[in-house]
Amino acid sequence: MSNKMHLKLTVNGQVVETLAEPRELLIHVLRERLDITGPHIGCETSHCGACTVDMDGRSVKACTVFAAQAQGAEITTVEGLAGPDGMHVLQEMFREHHGLQCGYCTPGMITRAWRLLQETPRPTEEEVRFGMAGNLCRCTGYQNIVKAILAAADAMAAQKEAAE
């Protein structure tokens, strides 16, 4: 008798189904069962944020979410932010403003920053620093990450204004 459950999720706009142990962590389901490797396994204790994904409109650390908790959820990873025309403006701004070095934390940073900008479209530097506090980087010193997020906020606001 198998302890596996049928898991149905929407990941990056696609409905996916797989079998998983109910206690299996979402990060392992994403990476090992669904081959979505943008979110990284970092500390496995929820401190670093390398595994950050957007789940049902909230930033979550996928190393702390059980597969059973993700049943029916809508999940967006860094892969889901890019569009058919190329990178999301956040991804572009991280590249343009050198908001990454080794890149290990970058997918979680960008995914968290995306949610932050959904909640606060025009954040101050202080709001960015506070909003990103759960995502750690060992390489950059954060200044360029903050610059990238603020630049993305400006670019996204300009895109919105142009569309109106």
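Quick check: anything in the range 19-42 under 14 Å from residue 135 (Cβ atoms) and among the hydroxyl-bearing types (Ser, Thr, Tyr)? No. Filtering the range 112-164 to residues that are exposed (fewer than 13 other Cβ atoms within 10 Å of the Cβ) and at positive phi leaves only 141.
Of all the residues in the range 119-164, those that are among the charged types (D, E, K, R) and part of a loop (DSSP other than H, G, I, E, B) number 3. State all residues of the range 70-86 that are at pLDDT 95 or above and surrounded by 14 or more Cβ atoms within 10 Å (Cβ to Cβ); if no residue qualifies, say none. 70, 71, 73, 74, 75, 76, 77, 78, 79, 80, 81 - these are the residues of the range 70-86 that are at pLDDT 95 or above and surrounded by 14 or more Cβ atoms within 10 Å (Cβ to Cβ).
The values are calculated or read from the model by the stated rules, or taken from the named source; none is laboratory data. Quick caveat, the model's predicted, so the values are computed rather than measured. Note that we place each Cβ from the backbone using ideal geometry, even for glycine, and neighbour counts take in every protein chain shown.
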